[in-house]
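What follows is a single structure, written as structure tokens, with notes after it.
The values are calculated or read from the model by the stated rules, or taken from the named source; none is laboratory data. Small disclaimer: the values here were computed from a predicted structure and weren't measured. Here Cβ is always computed from backbone atoms with ideal geometry, including for glycine, and neighbour counts include all displayed protein chains.
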């Protein structure tokens with residue numbers, strides 16, 4: 001073996017395997033959080049790996065992320081006593097979710113470390129709408145891998161728009177479609193922001209379900225807070241999604257079976273019209289009225 005071959009072989013050895021320093025850093029960080037009362041159930045490989053941004057960013061191609069999981073991060077977590085922490089790949093928009101998921105999950109050596117595929121809702125930056133079908137394609141192709149919505153917010157905070165009704169409907173439409181296409185969990189980006197939509201070190205001020213006026217102490221509850229509540233207050237941990245269909249294009253719906261046997265049905269009316277419909281289950285029906293631009297949760301015991 002000549003000198004160049006030896007250097008190449010040495011390079012291959014350093015590119016594959018466990019990084020003790022990374023394992024120690026992750027373990028110390030996670031243990032410190034948990035000691036402070038913040039439980040850590042999982043971690044993401046990289047936030048938005050295909051975005052070049054003004055804030056902290058790192059570009060990962062699909063192949064690079066696959067190989068990093070397979071050769072480095074996955075083995076490191078397992079050998080550092082952190083294999084019980086759920087590992088989430090992708091963590092970017094719905095537009096490229098299938099391409100990324102298929103590259104990573106088609107490799108068994110990488111897939112064995114991945115608990116789920118995370119995604120965001122900002123694919124409309126190209127001028128189109130949400131691409132919910134891509135979530136379904138991943139769910140159908142890789143049914144054993146979890147899908148989780150890891151980030152969503154309304155960008156560019158503007159206080160005069162804080163009560164616009166469209167914000168809540170953005171959340172409701174996204175949650176219903178994501179759940180119906182196989183998503184198992186859905187999270188906002190921010191729980192609480194200040195009166196400017198921050199703090200933020202690069203001036204990327206956004207809306208959140210809750211805003212606090214740091215000068216007066218007043219809390220502003222956006223309608224998105226209540227739209228989220230129509231899911232989080234009634235759909236319990238361990239619930240299973242069940243089929244729910246609608247005969248009216250203006251009505252969106254999703255349904256779950258809770259562990260205690262309750263059926264939870266969420267119905268969102270996107271129209272300006274009051275609409276009557278029947279909640280039909282196994283041959284029995286109940287008359288229900290949906291108000292214009294409303295969301296309602298029906299619990300069947």
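List of remarks:
- The numbered conditions (1) surrounded by 11 or more Cβ atoms within 10 Å (Cβ to Cβ); (2) modelled with pLDDT of 95 or more; (3) assigned to a loop (DSSP other than H, G, I, E, B); (4) out of contact with any strand residue (DSSP E or B) (no Cβ under 6 Å at 6 or more places or on another chain) are all true for residue 272 except (1).
- Some residue of the range 271-290 being in contact (Cβ under 8 Å) with a residue 40 or more places away in the chain and on the phi < 0 side of the Ramachandran plot: no
- For residue 91: the one exception among (1) under 15 Å from the mean Cα position of the chain (by Cα); (2) touching a residue at least 40 places away in the same chain (Cβ under 8 Å); (3) part of a loop (DSSP other than H, G, I, E, B): (3)
- Selection count, the range 39-84, where residues are assigned to a loop (DSSP other than H, G, I, E, B) and within 19 Å of residue 108 (Cα to Cα): 4
- Only listed residue being under 18 Å from residue 184 (Cα atoms) and over 23 Å from the mean Cα position of the chain (by Cα), chosen from 228, 263: 263
- The range 246-259: number of residues that are in a loop (DSSP other than H, G, I, E, B) and touching a helix residue (DSSP H, G or I) at 6+ places or on another chain (Cβ under 6 Å): 0
- Here the range 217-245 is the region considered, the condition is being assigned to a loop (DSSP other than H, G, I, E, B) and touching a residue at least 40 places away in the same chain (Cβ under 8 Å), and the residue that is surrounded by the fewest Cβ atoms within 10 Å (Cβ to Cβ) is 233.
- 2 or more residues under 11 Å from the mean Cα position of the chain (by Cα) and in contact (Cβ under 8 Å) with a residue 40 or more places away in the chain: qualifying strands (runs of 3 or more DSSP E) within the range 116-213: 116-120, 146-151
- Residue that is surrounded by 19 or more Cβ atoms within 10 Å (Cβ to Cβ), on the phi < 0 side of the Ramachandran plot and modelled with pLDDT under 95, where the choices are 73, 105, 147: 73
- Residue match in the range 277-285 (condition: more than 27 Å from residue 184 (Cβ to Cβ) and surrounded by 15 or more Cβ atoms within 10 Å (Cβ to Cβ)): yes
- Look at (1) modelled with pLDDT under 95; (2) within 23 Å of residue 239 (Cβ to Cβ) and you find that residue 283 fails only one, number (2).
- The range 25-38: number of residues that are surrounded by 11 or more Cβ atoms within 10 Å (Cβ to Cβ) and part of a loop (DSSP other than H, G, I, E, B): 0
- Scanning the range 138-185 for residues that are touching a strand residue (DSSP E or B) at 6+ places or on another chain (Cβ under 8 Å) and closer than 20 Å to residue 211 by Cα gives 151, 152, 153, 154, 155, 156, 157, 162, 168, 169, 172.
- Among the candidates 52, 79, 86, residue that is more than 21 Å from residue 137 (Cα to Cα) and modelled with pLDDT of 95 or more: 86
- With respect to (1) assigned by TED's automatic domain parsing to the domain that holds residue 297; (2) surrounded by 13 or more Cβ atoms within 10 Å (Cβ to Cβ); (3) farther than 30 Å from residue 87 by Cα, the lone exception for residue 212 is condition (1).
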